[in-house]
Amino acid sequence: MSELKPRKDLLDIESLDLSEIEYVLSNAVPFKQLFQRSVKKVPTLRGKTVLNLFYEPSTRTSSSFEVAAHRLSADVTNFTVSSSSVVKGESLLDTIETLQAMRSDYIVIRHKAAGVPGIVAQHTKASVVNAGDGFHAHPTQALLDAMTVREVFPEHQGRRVVIVGDILHSRVARSTSTLFHKLGIEVAYFGPGTLVPAERHDFLRRLMSWEEVFDWKPDVIYLLRVQLERQEGAFFPSIAEYHKMYGLNSLRLDRLRQMGSWLMHPGPVNRGVEITDEAMRYERSLISTQVENGIAVRMAVLHWLKPENGVDS
Ligand code: CP
């Protein structure tokens, strides 16, 4: 594995340069190869501690960070907010001070408010990994998405990805499109006018219908979940209407199949909204690969980041 200057935290994609992105993505490859072995562990983080701090629900991200840390031989603590003193009114910084006293080496944090992982990073010597903060960023999702596209397309430059759905509320769309652009992958957005921000990056193409999507000949269709929990107003008339206009139904799946395009989704999926049961079984779906790559990428991230806690002699 190649070497690179150390970095303490991973908070977003914007601050990563290409050599750092390449470092993480290339190191994720041998970590993934490890999964084929009967013993899937390496001693890289033996004696180190990883604290999973999830203030919002998560299945994939929280469990894959836990698996990644275990496979690196780290000790893992899962901090469950619903059974912690946070519900008694303890402030975030008081919680962090308490956790800092435990001298964790890595804090993986998800929070509904954008910017919280950055605040935590300023108040701790532990390495902080943003596992998703509000509408802002989900950098490890973007990295696992890039790894997945590069596995299918080793010559990924100039490949085309259209991201479909609720772009406005999606930290995944923000981080993944930014990373794809840095890697030379073309990105387009398609979704309801109310859920596609007009002012976001000028490098993005905006498509207005499924016909325009098919005419653009994307290599990958990347569906997003409609984030009903983040929507304060009515952004589209009804779920049925959304499915009719934007969902991946049988007819659209047939068009995808004819083009040989691949399908991605960060999960969790809303069956019957953005995707049908039939589309979930599509032979070119990369959804399970994304989950597997999530473990490898998160191993590479934990391996890369260097906490300021303690000095090894
Ligand atoms: N993709 C993603 O962040 O999924 P979870 O919410 O299950 O972690």
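Restricting the search to segment 22-81, which residues are aromatic (Phe, Trp, Tyr) and surrounded by 15 or more Cβ atoms within 10 Å (Cβ to Cβ)? Explain how you work it out, then say what you get.
Taking segment 22-81 as the starting set, the residues that turn out to be aromatic (Phe, Trp, Tyr) are 23, 31, 35, 54-55, 65, 79.
Matches in segment 22-81: Tyr23, Phe31, Phe54, Tyr55, Phe65, Phe79.
Tell me, yes or no, whether segment 147-165 has at least one residue that is closer than 24 Å to Gly191 by Cβ, in the same structural domain as Ser209 (by TED's automatic domain parsing) and within 13 Å of the ligand (Cβ to nearest atom).
Yes, segment 147-165 contains at least one residue that is closer than 24 Å to Gly191 by Cβ, in the same structural domain as Ser209 (by TED's automatic domain parsing) and within 13 Å of the ligand (Cβ to nearest atom).
Restricting to segment 256-287, and then to whatever is within 16 Å of Arg225 (Cα to Cα) and among the small types (Gly, Ala, Ser), can you tell me which residue is nearest to the chain's Cα centre (by Cα)?
The first filter runs over segment 256-287 and keeps only residues within 16 Å of Arg225 (Cα to Cα), leaving 263-277, 279-280, 285-287.
Remaining after also requiring among the small types (Gly, Ala, Ser): 267, 272, 279, 285.
Details: Gly267: 10, Gly272: 23, Ala279: 21, Ser285: 17 Å.
By that ranking, first place goes to Gly267.
Looking only at segment 251-293, count how many residues are more than 16 Å from the ligand (Cβ to nearest atom) and either basic (Lys, Arg) or part of a helix (DSSP H, G or I) (or both).
Summing the residues that are more than 16 Å from the ligand (Cβ to nearest atom) and either basic (Lys, Arg) or part of a helix (DSSP H, G or I) (or both) in segment 251-293 gives 14.
What are the residues in segment 288-313 that are more than 18 Å from the chain's Cα centre (by Cα) and buried (at least 16 other Cβ atoms within 10 Å of the Cβ), if any?
Taking segment 288-313 as the starting set, the residues that turn out to be more than 18 Å from the chain's Cα centre (by Cα) are 306-313.
Within segment 288-313, Pro307, Asn309 qualify.
Report yes if Val187 is assigned to a helix (DSSP H, G or I), touching a Phe, Trp or Tyr at 6+ places or on another chain (Cβ under 6 Å) and surrounded by fewer than 24 Cβ atoms within 10 Å (Cβ to Cβ), otherwise no. Before you say what the answer is, go through the steps one by one.
Working: assigned to a helix (DSSP H, G or I): no; touching a Phe, Trp or Tyr at 6+ places or on another chain (Cβ under 6 Å): yes; surrounded by fewer than 24 Cβ atoms within 10 Å (Cβ to Cβ): yes.
Taking the combined requirement at face value, the residue does not satisfy it.
Pick out, from segment 36-139, the helices (runs of 4 or more DSSP H) lying fully within it that include 3 or more residues that are away from the ligand (no atom under 16 Å from the Cβ) and aliphatic (A, V, I, L, M). Even if it seems obvious, please write down each step before you answer.
Values: elements: 60-71, 92-101, 116-122.
Those helices (runs of 4 or more DSSP H) span 92-101, 116-122.
Test of understanding: among Gly158, Gly134, which residue is on the phi > 0 side of the Ramachandran plot and under 19 Å from the mean Cα position of the chain (by Cα)? Outline the logic, then answer.
Working: Gly158 fails: under 19 Å from the mean Cα position of the chain (by Cα).
Within the list Gly158, Gly134, the selection yields Gly134.
Mind checking whether some residue in segment 92-104 is within 20 Å of Glu56 (Cα to Cα) and basic (Lys, Arg)?
Scanning segment 92-104, I find no residue that is within 20 Å of Glu56 (Cα to Cα) and basic (Lys, Arg), so the answer is no.
Write out, first by first residue and then by second, each pair whose Cβ atoms fall under 9 Å of each other, whose residues are 6+ apart or on separate chains, and whose first residue, in segment 283-297, is among the hydrophobic types (A, V, I, L, M, F, W, C) while the second is outside any helix (DSSP H, G or I) and within 13 Å of the ligand (Cβ to nearest atom).
Listed pairs, sorted by first residue: Leu286/Met264; Leu286/His265; Ile287/Met264; Ile287/His265; Ile287/Pro266; Ile287/Gly267; Ile287/Val269; Val291/Gly267.
Within segment 249-268, is even one residue at negative phi, at pLDDT below 95 and in the same structural domain as Ile167 (by TED's automatic domain parsing)? Give the derivation first.
Looking only at segment 249-268, we keep the residues that are at negative phi, and these are 249-259, 261-266, 268.
Now narrow it down to the ones that are at pLDDT below 95: 268.
Applying the additional criterion that residues be in the same structural domain as Ile167 (by TED's automatic domain parsing) yields 268.
There is at least one residue in segment 249-268 that is at negative phi, at pLDDT below 95 and in the same structural domain as Ile167 (by TED's automatic domain parsing).
The values are calculated or read from the model by the stated rules, or taken from the named source; none is laboratory data. Computed from a prediction, not measured in an experiment: that's the story for all the values here. Don't worry about glycine lacking a Cβ; one is built from the backbone with ideal geometry, like all the others, and counts go over all protein chains shown.
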